[in-house]
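I have placed the structure first, in the form of structure tokens, so that the comments after it can refer back to it.
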Amino acid sequence: MDLTSIKDPSFLKDMSISELEQLSEEIRQFLIENLSNTGGHIGPNLGVVELTIALHKVFDSPKDKFLWDVGHQSYVHKILTGRAGQFDTLRQYKGLCGFPKMVESEHDVWETGHSSTSLSGAMGMAIARDIKKRKITYHSNHR
């Protein structure tokens, strides 16, 4: 699969388990090749490939909101939300941010770098949602 052709994660809904396994391998190879050039947080991202794919397959981003407790783990999310073509600019001036960045995508609703902020952020967003009487679901990947 050409990862740079991904526009949003909706394509995952129709994929079989074997296709998802193949996609996982392609994403891992993409990360290894790209991060060897730009630098970045490779370990945390290689560790959450299947988790991120599963979240995006089951839920409906951007309607369902994902809050990454560790922003270092958001690269797979960035690929699945249409930013693979920008990975050659990762962590460079005016390039793709190494963390979730709200100005980059409607799929990024919480800006975080390091851990321990997503739970309080999700709680605040859920309270605001309830006050505004909206039907939105927030998901945190806090371990």
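The values are calculated or read from the model by the stated rules, or taken from the named source; none is laboratory data. None of the values given here were measured: they were computed from a predicted structure. Positions of Cβ are backbone-derived with ideal geometry, glycine not excepted, and every protein chain shown enters the neighbour counts. Heavy atoms of the whole protein, side chains included, go into the accessibility calculation; ligands, DNA and RNA do not. Shrake-Rupley method; radii C 1.70, N 1.55, O 1.52, S 1.80 Å.
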Residue tally, condition surrounded by 15 or more Cβ atoms within 10 Å (Cβ to Cβ), of a type in the set (S, T, N, Q) and free of Cβ contacts under 8 Å to residues at least 40 places away in the same chain, over the stretch 14-39: 1
Among (1) surrounded by 12 or more Cβ atoms within 10 Å (Cβ to Cβ); (2) assigned to a helix (DSSP H, G or I); (3) acidic (Asp, Glu), the one test that Asp69 misses: (2)
Among the candidates Glu33, Glu111, Glu50, residue that is part of a loop (DSSP other than H, G, I, E, B) and charged (D, E, K, R): Glu111
Residue count, the stretch 116-143 (criterion: closer than 25 Å to Gly40 by Cα, modelled with pLDDT under 75 and surrounded by 11 or more Cβ atoms within 10 Å (Cβ to Cβ)): 4
Residue in the stretch 40-54 that is surrounded by 13 or more Cβ atoms within 10 Å (Cβ to Cβ) and out of contact with any helix residue (DSSP H, G or I) (no Cβ under 9 Å at 6 or more places or on another chain) present: no
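With the structure loaded, tell me whether Asp64 is charged (D, E, K, R), open to solvent by less than 40 Å² (accessible area, probe 1.4 Å), more than 23 Å from Ile42 (Cβ to Cβ) and modelled with pLDDT of 85 or more or whether it fails that test. Steps first, please.
Details: charged (D, E, K, R): yes; open to solvent by less than 40 Å² (accessible area, probe 1.4 Å): yes; more than 23 Å from Ile42 (Cβ to Cβ): yes; modelled with pLDDT of 85 or more: yes.
The answer is yes for Asp64.
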Residue in the stretch 89-98 that is open to solvent by 10 Å² or more (accessible area, probe 1.4 Å), within 27 Å of Asp14 (Cα to Cα), out of contact with any strand residue (DSSP E or B) (no Cβ under 8 Å at 6 or more places or on another chain) and not β-branched (Val, Ile, Thr) present: no
